[in-house]
Structure formats: structure tokens, C-alpha cells
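Computed from the coordinates by the stated procedures, all read-outs in this text should not be read as laboratory data. It should be emphasised that the depicted structure is a prediction, and the values quoted were computed from it without experimental measurement. For neighbour counting, all protein chains shown are included, and Cβ atoms are generated from backbone atoms with ideal geometry for every residue, glycine included.
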Amino acid sequence: MKSKIIIRKVKKEDIESFIDCYIKAYQDLKNYKYKTRKDIKNYFKWLYNRDKDGFMIAEENNKIAGFIAVDANWVNYKGEKILEIHELFVLPEFRRKGIASKLLNKALEYGIKKGLNKAELWVGKTNYRAINFYKQFGFEEIGVWGKWLRMKKSLNC
């Protein structure tokens, strides 16, 4: 049976699933995660309130596979309105199936639809798997701050 992946907007009721998935997805990234359920719950609420339309969930055969949260209302340090990618993760058992790529493509389409010219993100500077993933989509490194690496991509085709 061919697996079916759907991407939909996150609903408030997805909060517990988000928390459980976040904990599982970040188990090997100890330097870059929220550590308590309360902090993760507050993070979910913050993401949801920043841009409900940019907070999406991927499901494969009705099972939650991953999340992406982007923000089309973000203003970067240069004062430019951009698409800020706050969060992207896929559960370990769903990795290497193209789900992260589908989520990121949907998010970038959302930014273009909102009329934005640039996407930016922070990624852990030793999270090489994520850095290489973003580079495949045309993101380039633009600076380091502490344990974080800043990346950007033009949304102009």
C-alpha cells in the first residue's frame, strides 16, 4: 500500500501531539531543545499565536510525522519583513521519506503567497544534518551567534 502524506494547518488540539513529537524528534539534539513539557507547551502556543497559517503538520496514513512553523509577520535585524522558519522536525521513524522536504516546500510556497522575498532561519551550528538539508534548498550561511547558525534564502524565482 502506498503511503499517503497530507499537510494541514495545526489546530490548538494538536498541542499534546506536538509536545510528544518534539520530545522524540529532539532526543539526540540536547543543546538545541526545550527540556520541559511546560516550556514546549509555551513554545507551541507562541508559534501558534505568531502565525496560525504558517504552522503546519504532516501526517502519513493518519499518523503524525512532523511539524513546521513559519512566520510571515517576522521582521529581521535589517528591518525587512521576511518568512522566518522557527521550527521544522520529523519523527525519527518517518525520516528519509521526503516529509521534511514536503513541509519546507509548503512553507516556502506560503511565504511566496504572502509576497515575501526572503526566508531566514536559525539552526544549531553543530546540527550538520539540518544544515545540509537547508543547503539543498538553496539556503546559505550568513553568520553565527553563540551556538546558532543563521541561514537565508531568496524566495524570488
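For this structure, a couple of remarks:
- Remark: spin-label model distance Asn31-Asn62 equals 4.2 nm, labels positioned 7 Å along the Cα→Cβ axis.
- Simple Cβ-charge dipole of the chain, Lys/Arg +1 and Asp/Glu -1, about Cα centre, in debye nearest 20: 140 debye
- Taking a quarter of the surface of the Cα convex hull of the chain gives a mean projected area of 9.3 nm².
- In sequence order, region 109-114 has phi-based couplings of 4, 4, x, 5, 4, 7 Hz under the Karplus curve 6.51 cos²θ - 1.76 cosθ + 1.60, θ = phi - 60°, and Gly or Pro positions carry x.
- Sites Ser101 and Asp39 - FRET efficiency at Förster radius 35 Å, r taken between beta-carbons, to 0.05: 0.80
- Here is the list for region 32-133: GluC sites (Glu not before Pro) lying in DSSP coil, each with at most 12 other C-beta atoms within 10 angstrom of its C-beta, are Glu80.
- Maximal additional length on extending the Asp20-Lys113 stretch stands at 30.4 nm, based on 0.36 nm per residue less the C-alpha distance.
- Span from the region 86-113 Cα centroid across to the region 31-67 one, whole angstrom: 13 Å
- Looking at region 58-157, the chymotrypsin sites (Phe, Trp or Tyr not before Pro) that sit in a DSSP loop and have at most 16 other Cβ atoms within 10 Å of their own Cβ are Tyr77, Phe137.
- Relative contact order of the chain: 18 percent, from C-alpha pairs under 8 Å at least 6 residues apart in sequence.
- Taking a sphere under 14 Å around the Cβ of Gly124 and counting the other residues whose Cβ falls inside, with K and R at +1 and D and E at -1, yields a net charge of +3.
- Additional length obtainable on full extension of the chain from Ile131 to Lys9, 0.36 nm per residue less Cα span: 41.4 nm
- Here is the list for region 1-108: trypsin sites (Lys or Arg not before Pro) lying in DSSP coil, each with at most 13 other C-beta atoms within 10 angstrom of its C-beta, are Lys2, Lys4, Lys11, Lys35, Lys78, Arg96.
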